[in-house]
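**Q** Sharing a structure, written as structure tokens. Questions coming.
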Amino acid sequence: MSAETSEAPVRVLVTGASRGIGAAIALRLARQHGDRLRIAITGRSHGGALAGVATEIAALGARVAPLAGDLADEDVPARLVAEATQACGGLDGVVANAGVAGPAPLAGLALAEWDRLFAVNVRSVWLLAKAAHPHLAASRGAFVAVASASGMAPHPGMGAYSASKAALIMLCRQLAQEWAPAGIRVNSVSPGMIRTTLTESIYRDPQVAAERNRIVPLGRVGEAEDVAGTVAFLLGPEAGFIVGQNICMDGGYTESALGRIPGLPRPV
């Protein structure tokens, strides 16, 4: 988003905001901007989860518009941008957070499942960005996509997920180069192991939770709020000279492979 005045509204669209990282991002922005925020949040349907997040946002003083649509449908991204622009009076920022996973070995992966992951994780982000371009150019705004550390390293058994997230990271890098002359900043974030409502069942096993914490150099897995803080930063004026970057948010895990080789000296 462009440099702000104390009175100017902040107008943002966040997809996949009914729970998890998307909800955390939307609530972080509401706490940060209060009654200056005009935010559209999306989910696949107008269900209780999306309505609950909207209620929390409204309680923080922001104006919120809950929108619904399946991003696997090629017509939905442009519709959501149009509805968000109307509800918010323009757009200063877009957060493409919605994504899907489909664990499976590649040798047995169905074509329809491959296509579904790429439709949601990559194509919908391009279509959102394409529809939002004139509005973000007008505001000299920012576009942030939530990718994954799985797009930076192969994730065996996760089907098309790694390939789709790697494509998303490159999509953002290309958009950044094409759109920077218009004053639009495009970046991505790549979370690693993040504890959210969607992954909570994994962490109910204390042994698994402890082992996951142990293998992260920082000593813990991430929280949705960790990602939300970085996304809010990338949307704001403090990140006004950051373009085309992918920020890996994994507590150091992805870069720690060589340090796990048995027999090597350990740092003190």
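The values are calculated or read from the model by the stated rules, or taken from the named source; none is laboratory data. For clarity, every value in this text was computed on a predicted model and none was experimentally measured. Here the Cβ is made from the backbone with ideal geometry for all residues, glycine too, and neighbour counts use every protein chain on show.
**Q** Taking region 83-107, which residues are surrounded by fewer than 14 Cβ atoms within 10 Å (Cβ to Cβ) and either touching a helix residue (DSSP H, G or I) at 6+ places or on another chain (Cβ under 8 Å) or modelled with pLDDT under 95 (or both)?
**A** Scanning region 83-107 gives a single hit, P103.
**Q** Here is a further query. Could you check V208 against (1) surrounded by fewer than 13 Cβ atoms within 10 Å (Cβ to Cβ); (2) in a loop (DSSP other than H, G, I, E, B); (3) hydrophobic (A, V, I, L, M, F, W, C) and say which number it fails?
**A** Against the list (1) surrounded by fewer than 13 Cβ atoms within 10 Å (Cβ to Cβ); (2) in a loop (DSSP other than H, G, I, E, B); (3) hydrophobic (A, V, I, L, M, F, W, C), V208 comes up short only on (2).
**Q** Need the failing condition index for A59 against (1) under 18 Å from L136 (Cβ atoms); (2) of a type in the set (A, V, I, L, M); (3) without any contact (Cβ under 8 Å) to a residue 12 or more places away in the chain, just the number.
**A** Here A59 meets the rest and fails (1).
**Q** From (1) in contact with a helix residue (DSSP H, G or I) (Cβ under 6 Å, 6 or more places away or on another chain); (2) in contact (Cβ under 8 Å) with a residue 60 or more places away in the chain; (3) hydrophobic (A, V, I, L, M, F, W, C), pick out the condition that doesn't hold for A160.
**A** (2)
**Q** For region 9-27, which residues satisfy the criterion of being touching an Asp or Glu at 6+ places or on another chain (Cβ under 7 Å) and either assigned to a helix (DSSP H, G or I) or of a type in the set (K, R) (or both)?
**A** Result: R11, A24, L27.
**Q** Still on this structure, please answer the following. Restricting attention to region 163-182, does a residue exist that is outside any loop (DSSP other than H, G, I, E, B) and at pLDDT below 95?
**A** No, there is no match, as no residue in region 163-182 is outside any loop (DSSP other than H, G, I, E, B) and at pLDDT below 95.
**Q** Further question: Tell me, please, whether a residue that is assigned to a loop (DSSP other than H, G, I, E, B), touching a Lys or Arg at 6+ places or on another chain (Cβ under 8 Å) and not polar (S, T, N, Q) can be found in region 28-46.
**A** no
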